[in-house]
């Protein structure tokens, strides 16, 4: 059984405390690092780092686990836009099937 938020999504309240390291990843560090020899690598969902949720989760994990948390940006901050572009293309193809667009021989 799933909740209604699984389908509509939501944004966590607050602002991320960590920092983007170049365009490559988000880094969250605890105030009092107790485990300097360990770290967590947190992977995102399809929305990537464009949504603040994974950055907020990284901050929370860093503070409560006492380790650095790194969140790679696999989508270069653009993946959501690419999905919408692909979706629009697919909707357009469905609305105008190939058989109607090309003459049959």
*Would you mind finding the one in 61, 80 that is assigned to a helix (DSSP H, G or I), surrounded by 12 or more Cβ atoms within 10 Å (Cβ to Cβ) and at pLDDT below 65?*
80
*Which residues, counting only those in segment 22-39, are over 16 Å from the mean Cα position of the chain (by Cα) and part of a strand (DSSP E or B)?*
39
*Subset of segment 26-50 [under 18 Å from residue 76 (Cβ atoms), out of contact with any helix residue (DSSP H, G or I) (no Cβ under 7 Å at 6 or more places or on another chain) and at pLDDT below 85]*: 45
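The values are calculated or read from the model by the stated rules, or taken from the named source; none is laboratory data. Computed from a prediction, not measured in an experiment: that's the story for all the values here. Methodologically, a virtual Cβ is constructed for each residue, glycine included, from the backbone with ideal geometry; neighbour enumeration extends over all protein chains shown.
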